[in-house]
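Report on the structure given below.
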Amino acid sequence: MHRAYHPLLPPIAIFYLVCSFVGVVGNGIMIVAFLKFGRLRSPCHYMITMNCLADLLHVSGHVVFAYHVLTGDSCSQKTCYFIQFLPCVGSCLGSPLIMVLGIDRMICCRFPRQYRDCLNAPYRYTIAQMVFPFAFASTLMYIAFIERDPNSDNQIACIIPMAMRNRAFEYFNYAGAFVNLTIICLYSYTAYVLWCQEDHENLKLRSVFKSIFATMLFVMFGWAVTFIVNNVSFRISLATDVAGIVQIYAGISVNLSLVCNVFIFYSINSDYRKCIRRLVFTKFEPDFALSEIPTIFVKN
């Protein structure tokens, strides 16, 4: 069904389309680097890669929104739920994955001996860390499923806030705000532990934590702005169309953060910088041993 959209939607659709392209390529590079190079095989690297995969899924959904807005096409909300299923899953996984990555770094820095024991069974440890993010996402997606609009005559431009309507999107924002507060506490405590200790091994840990912390700050700022604006839009009286536009524009900050993973890790983390150079500039980079010890250090 062809329809005319609000004039504020085409500019944001183009912005999201650019974010989708950059985000898919950038996060794809991070994932391929993880799969190709053996030095990126610690549980921490697994969690970083899962976060990149979630971000890739999230931004990939913007292609549908841009297509609908720029062509005047539309679909029912029920259809939109299924079209945006994987992008919605990626969106729901984002903050919880950052949280479990914070838990991993906190255990590594605060309880190094226990963390070393966990590394004796890295797959079980990583799977255990993944339980909460996937339970969180599954719960929200189930609520979104039962909240689908049965009226196919209600046509929309298909984007994540519209795919998760009513209570599902509200719960997503309320729960996301709580998860983000937990993330702030985790990373602040870990930073405090690292900066209070001066031994050589913790200097190595600091260099690794810095790249993760920088990424977390950028992503946290993006999600915080998005959650705050969305929660405010629930509380004030806005027309449905206006509220939808506000929620779509609220995603600008978080989408900027989602596309920057590869740039931040390349700039700050030596492991990822070497692997990405080797991956992208194969002819120009000297080879290195894949058995090198990664810089995700554990204190002895």
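The values are calculated or read from the model by the stated rules, or taken from the named source; none is laboratory data. Bear in mind the structure is a predicted one, so any value in this text is a computation, not a measurement. Methodologically, a virtual Cβ is constructed for each residue, glycine included, from the backbone with ideal geometry; neighbour enumeration extends over all protein chains shown.
Return the only residue of C44, C52, C75, C19 being in contact with a Lys or Arg (Cβ under 8 Å, 6 or more places away or on another chain) and hydrophobic (A, V, I, L, M, F, W, C).
Details: C52 fails: in contact with a Lys or Arg (Cβ under 8 Å, 6 or more places away or on another chain); C75 fails: in contact with a Lys or Arg (Cβ under 8 Å, 6 or more places away or on another chain); C19 fails: in contact with a Lys or Arg (Cβ under 8 Å, 6 or more places away or on another chain).
Checking each option against the conditions leaves just C44.
Quickly run through segment 246-271 and pick out the residues that are in contact (Cβ under 8 Å) with a residue 12 or more places away in the chain and aromatic (F, W, Y). Residues satisfying the conditions are Y249, F263, F265. Output the residues belonging to segment 246-262 that are part of a helix (DSSP H, G or I), of a type in the set (A, V, I, L, M) and surrounded by 20 or more Cβ atoms within 10 Å (Cβ to Cβ). Answer for segment 246-262, where residues must be part of a helix (DSSP H, G or I), of a type in the set (A, V, I, L, M) and surrounded by 20 or more Cβ atoms within 10 Å (Cβ to Cβ): I248, A250, V254, L258, V262.
If you take the residues in segment 263-285 that are among the polar types (S, T, N, Q) and either crowded, with 19+ Cβ neighbours inside 10 Å or assigned to a loop (DSSP other than H, G, I, E, B) (or both), which one is modelled with the lowest pLDDT?
Step one: list which residues in segment 263-285 are among the polar types (S, T, N, Q), which gives 267, 269-270, 282.
Remaining after also requiring either crowded, with 19+ Cβ neighbours inside 10 Å or assigned to a loop (DSSP other than H, G, I, E, B) (or both): 269, 282.
Values: N269: 80, T282: 68.
For segment 263-285, the residue satisfying everything is T282.
Quick check on segment 61-82: of everything there that is among the hydroxyl-bearing types (S, T, Y) and within 26 Å of P7 (Cβ to Cβ), which residue is farthest from the chain's Cα centre (by Cα)?
First, pick out the residues of segment 61-82 that are among the hydroxyl-bearing types (S, T, Y): 67, 71, 74, 76, 79, 81.
Retained after the next criterion (residues that are within 26 Å of P7 (Cβ to Cβ)): 67, 71, 74, 76, 79.
Values: Y67: 23, T71: 29, S74: 27, S76: 27, T79: 24 Å.
Here the answer is T71.
Under the condition of being at pLDDT below 85 and more than 19 Å from I107 (Cβ to Cβ), the residues counted in segment 181-202 number 2.
A single member of F213, F209, F234 is modelled with pLDDT under 75, surrounded by 16 or more Cβ atoms within 10 Å (Cβ to Cβ) and over 16 Å from the mean Cα position of the chain (by Cα), and it is F209.
Take the conditions (1) crowded, with 24+ Cβ neighbours inside 10 Å; (2) without any contact (Cβ under 8 Å) to a residue 60 or more places away in the chain; Y67 misses just one of them, which is (1).
So that you can scan it fast, the table gives a plain yes or no per residue for (1) without any contact (Cβ under 8 Å) to a residue 12 or more places away in the chain; (2) of a type in the set (A, V, I, L, M):
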residue: F37; (1), (2): no, no
residue: T49; (1), (2): no, no
residue: L53; (1), (2): no, yes
residue: L56; (1), (2): no, yes
residue: F82; (1), (2): yes, no
residue: F85; (1), (2): no, no
residue: I98; (1), (2): no, yes
residue: I103; (1), (2): no, yes
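For segment 101-109, the criterion of a residue being of a type in the set (A, V, I, L, M) and out of contact with any helix residue (DSSP H, G or I) (no Cβ under 8 Å at 6 or more places or on another chain) is satisfied by no position. Restricting the search to helices (runs of 4 or more DSSP H) fully inside segment 1-80 and requiring at least 1 residues that are under 28 Å from Y125 (Cα atoms) and at pLDDT 95 or above gives 9-36, 43-60. With the structure loaded, tell me whether G102 is within 30 Å of L70 (Cα to Cα) and of a type outside the set (K, R) or whether it fails that test. Against the criterion (within 30 Å of L70 (Cα to Cα) and of a type outside the set (K, R)), G102 does not qualify.
Taking only segment 127-159 into account, find how many residues are among the β-branched types (V, I, T) and touching a residue at least 40 places away in the same chain (Cβ under 8 Å).
Our first condition is that a residue be among the β-branched types (V, I, T); within segment 127-159, this holds for 127, 131, 139, 143, 146, 156, 159.
Now narrow it down to the ones that are touching a residue at least 40 places away in the same chain (Cβ under 8 Å): 156, 159.
Matching residues across segment 127-159 total 2.
Here is a yes/no grid of residues against (1) in a helix (DSSP H, G or I); (2) buried (at least 23 other Cβ atoms within 10 Å of the Cβ); (3) hydroxyl-bearing (S, T, Y):
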{"site": "G90", "(1), (2), (3)": "yes, yes, no"}
{"site": "S95", "(1), (2), (3)": "yes, yes, yes"}
{"site": "C108", "(1), (2), (3)": "yes, yes, no"}
{"site": "Y115", "(1), (2), (3)": "yes, no, yes"}
{"site": "R124", "(1), (2), (3)": "yes, no, no"}
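Within segment 31-48, identify whether any single residue is farther than 27 Å from Y115 by Cα and among the aliphatic types (A, V, I, L, M), and answer yes or no. Scanning segment 31-48 turns up no residue that is farther than 27 Å from Y115 by Cα and among the aliphatic types (A, V, I, L, M). Residue count for segment 162-180 satisfying the condition of being under 19 Å from H68 (Cα atoms) and modelled with pLDDT under 85: 1.
Filtered by the rule that a residue be under 18 Å from S267 (Cα atoms) and crowded, with 20+ Cβ neighbours inside 10 Å, segment 20-33 gives G23, G26, N27, I29, M30, A33.
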